[in-house]
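Just below is one structure, and these are the notes that go with it.
The values are calculated or read from the model by the stated rules, or taken from the named source; none is laboratory data. This one's a predicted model, so the numbers in the text were calculated from it and none came from an experiment. Please note: Cβ atoms are built from the backbone with ideal geometry, for glycine as well, and neighbour counts cover all protein chains shown.
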Amino acid sequence: MRKLFRLLGFLLIPALIAGGAYGYYWYQVKSSADRMVDAAAPYAKISYARVVAGLDGSAGIAGVQVTPVGSKDSVLIGSVLFQAPDPLFYLDAEKTLREGSWPEHMALSITGLDMNLDADYLAQWEAMGQSFAVPQQGTGFEALACGDVQRFDLATTRAMKYQRLNMDMLVAMDFMPRTQSLRLRSDVSVADMAQTSFYVDLSLASNVLSIGSLVQAQPTLERVSLDYSDLGYNARRNRFCAQRGGYAPDEYAQRHSEMVHSELKQLGWSVPELLLKAYADLQQPRAILQVAAEPPPGFGAQSMATISSPEDLLDLLNIRVSVNGVSQDLSSINWSLDPGEAVAANAAAEVLSSDALQSENLTAGVVEKRAPQEDLVIELEQPRPEPGQVAVIIDPDVVQVMPGIVVKAKAAEKTYKPTAVQQVHGYAGQKVKLRTYFGRRIEGTLVRVAGGNLEVEQRLDRGVAIFPIAADKVAELSVWR
């Protein structure tokens with residue numbers, strides 16, 4: 001009997017220790033949740049049904065109800081969970097995030113977030129947003145070809161037969177110490193509407209992830225990607241706008257894209273037909289949009305300081321766009337106002353200004369007649385050499401080969417001379433001017449040519465930065481020589 005008790009004690013002691021550890025883990029999760037509820041009290045009343053403390057490292061609350069201050073309606077949330085590698089992280093999670101090394105994987109997920117579109121807090125938020133927004137005249141681009149609709153607002157969404165919004169969200173971080181890279185990910189899915197995925201890949205030059213390493217490592221951008229998929233919104237909008245406009249739903253995408261093209265043309269923008277077709281395809285049900293940017297190595301915060309136009313953005317970030325699996329050529333877009341439109345606008349402004357000035361003078365009864373101005377010419381008398389006096393040559397670039405005969409022997413001046421990209425490797429350290437196929441102009445000092453890139457040093461307001469430019473993107477190149 002005594003041996004049996006010893007055996008039971010041997011088995012119960014580890015179970016009690018494990019149970020106590022889990023109880024402490026559960027208590028830590030509940031304490032953190034209660035602190036967040038108290039911190040949000042000035043803005044919303046939050047309640048939850050139960051605490052989740054999973055052995056896989058998932059911890060949070062479920063059955064959440066959020067009621068904004070001043071509202072009678074609530075936002076319902078199925079669960080709010082934080083994901084860590086294991087439960088040990090939560091024993092001192094706040095201190096670890098603030099001072100220690102972060103785990104290689106962390107994520108925050110919100111599932112089953114449900115909002116009624118008739119809720120009073122949505123109307124309050126919309127009114128607040130409109131109070132800060134700049135008033136717009138006419139119909140917005142998104143509402144073109146949609147009958148009498150001028151904006152896609154909350155009322156328009158309800159008119160499309162949307163009564164509730166149900167969505168899931170995920171924000172995740174994955175750190176790979178071996179490759180010293182960090183991936184940030186965000187996924188949002190709205191039922192019967194759309195889903196998006198956003199990725200950012202960074203290079204840290206550090207084997208440890210913490211607040212200190214992020215500050216000291218000066219992360220550089222490796223890749224950015226955005227994936228968008230329609231889950232039913234396009235079909236509802238097409239039917240709604242076709243009904244408002246009085247035509248078939250299949251005609252909406254083409255009509256809408258044509259009106260957008262007309263508006264852009266009036267603004268002086270030139271958009272090729274292929275991109276207009278891609279835009280129309282993006283309005284079709286179940287459309288897919290993919291955008292990716294892969295800048296050259298070493299692209300950091302200083303590189304962003306040189307971006308001053310869409311052409312610069314396309315050139316530096318190497319942006320690629322795909323609609324329904326078909327790649328799009330963005331280099332054919334004229335991102336600036338059409339010169340003819342700009343000249344016409346300037347001429348009209350000058351005419352209006354001149355007419356206004358003449359009208360003002362006539363109203364005042366003053367007519368000023370100006371006499372034509374004559375050029376003022378001053379002649380300086382040149383002293384003539386006396387007979388027999390020998391002229392002294394003081395120009396160092398002039399050589400007298402015989403009495404009375406001189407030759408200009410000055411060396412050729414350096415200028416920016418056109419140079420082939422294939423030959424530029426021999427001009428490291430020289431000043432260069434180049435223009436890319438996207439129209440971006442760059443001037444600086446050529447540092448070196450490596451990896452298919454021309455590394456050019458440019459002086460900025462806050463110092464000096466070196467930017468890589470892909471050699472195959474260079475349209476014109478001149479070297480100071």
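State whether one or more residues within region 199-211 are of a type outside the set (A, V, I, L, M), at pLDDT 90 or above and either in the same structural domain as THR96 (by TED's automatic domain parsing) or not in a helix (DSSP H, G or I) (or both). Yes, region 199-211 has at least one match. For region 291-299, the count of residues that are modelled with pLDDT under 80 and either part of a helix (DSSP H, G or I) or over 21 Å from the mean Cα position of the chain (by Cα) (or both) is zero.
Of the numbered criteria (1) closer than 30 Å to PHE467 by Cβ; (2) assigned to a helix (DSSP H, G or I); (3) polar (S, T, N, Q), the one ASN238 fails is (1). Taking the conditions exactly as written (hydrophobic (A, V, I, L, M, F, W, C), in contact with a Gly (Cβ under 8 Å, 6 or more places away or on another chain) and assigned by TED's automatic domain parsing to the domain that holds ASP187), does LEU226 satisfy them or not? No, not satisfied.
Would you confirm whether any residue within region 136-154 is over 21 Å from HIS256 (Cα atoms) and either surrounded by 15 or more Cβ atoms within 10 Å (Cβ to Cβ) or not basic (Lys, Arg) (or both)? Break it down into steps so the answer makes sense when it comes.
In the first step, residues of region 136-154 are kept if they are over 21 Å from HIS256 (Cα atoms); the result is none.
Scanning region 136-154 turns up no residue that is over 21 Å from HIS256 (Cα atoms) and either surrounded by 15 or more Cβ atoms within 10 Å (Cβ to Cβ) or not basic (Lys, Arg) (or both).
For region 259-278, what are the residues that are part of a helix (DSSP H, G or I), touching a residue at least 24 places away in the same chain (Cβ under 8 Å) and touching a helix residue (DSSP H, G or I) at 6+ places or on another chain (Cβ under 8 Å)? Answer for region 259-278, where residues must be part of a helix (DSSP H, G or I), touching a residue at least 24 places away in the same chain (Cβ under 8 Å) and touching a helix residue (DSSP H, G or I) at 6+ places or on another chain (Cβ under 8 Å): VAL260, GLU263, LEU274, LEU275. Summed over region 126-150, the residues that are among the charged types (D, E, K, R) and either in contact (Cβ under 8 Å) with a residue 12 or more places away in the chain or within 23 Å of GLY70 (Cα to Cα) (or both) give a count of 2.
State whether one or more residues within region 81-102 are out of contact with any Leu (no Cβ under 6 Å at 6 or more places or on another chain) and within 22 Å of ALA191 (Cα to Cα). Walk me through how you get there before you give the answer.
Keep residues of region 81-102 that are out of contact with any Leu (no Cβ under 6 Å at 6 or more places or on another chain), which gives 81, 83-101.
This time we only want the ones that are within 22 Å of ALA191 (Cα to Cα), so: 81.
The answer is yes; a qualifying residue exists.
Are any of the residues in region 108-125 aliphatic (A, V, I, L, M), surrounded by 15 or more Cβ atoms within 10 Å (Cβ to Cβ) and free of Cβ contacts under 8 Å to residues at least 40 places away in the same chain? Yes.
Mind checking which residues of region 114-142 are modelled with pLDDT of 85 or more, within 24 Å of the chain's Cα centre (by Cα) and not aromatic (Phe, Trp, Tyr)? Give the steps one after another, and end with the answer.
Within region 114-142, the subset modelled with pLDDT of 85 or more is 114-125, 139-142.
Retained after the next criterion (residues that are within 24 Å of the chain's Cα centre (by Cα)): 140-142.
Across region 114-142, the qualifying residues are GLY140, GLU142.
Out of the residues in region 317-340 that are assigned to a helix (DSSP H, G or I) and surrounded by 15 or more Cβ atoms within 10 Å (Cβ to Cβ), state the one that is modelled with the highest pLDDT. Outline the logic, then answer.
Within region 317-340, the subset assigned to a helix (DSSP H, G or I) is 317, 330-332, 339-340.
From what is left, the residues that are surrounded by 15 or more Cβ atoms within 10 Å (Cβ to Cβ) are 317, 330.
Values: LEU317: 80, LEU330: 75.
This residue is LEU317.
The residues listed here are ALA205, ALA155, ALA191; of these, the one that is of a type in the set (A, V, I, L, M) and either in contact with a strand residue (DSSP E or B) (Cβ under 7 Å, 6 or more places away or on another chain) or in contact (Cβ under 8 Å) with a residue 60 or more places away in the chain (or both) is ALA191.
What residue, among those in region 455-467 that are at pLDDT below 80 and assigned to a strand (DSSP E or B), is surrounded by the most Cβ atoms within 10 Å (Cβ to Cβ)? Spell out the reasoning first.
Looking only at region 455-467, we keep the residues that are at pLDDT below 80, and these are 459-467.
Applying the additional criterion that residues be assigned to a strand (DSSP E or B) yields 459-460, 463-467.
On the way: ARG459: 11, LEU460: 10, GLY463: 8, VAL464: 11, ALA465: 17, ILE466: 15, PHE467: 21.
Filtering first and then ranking leaves PHE467.
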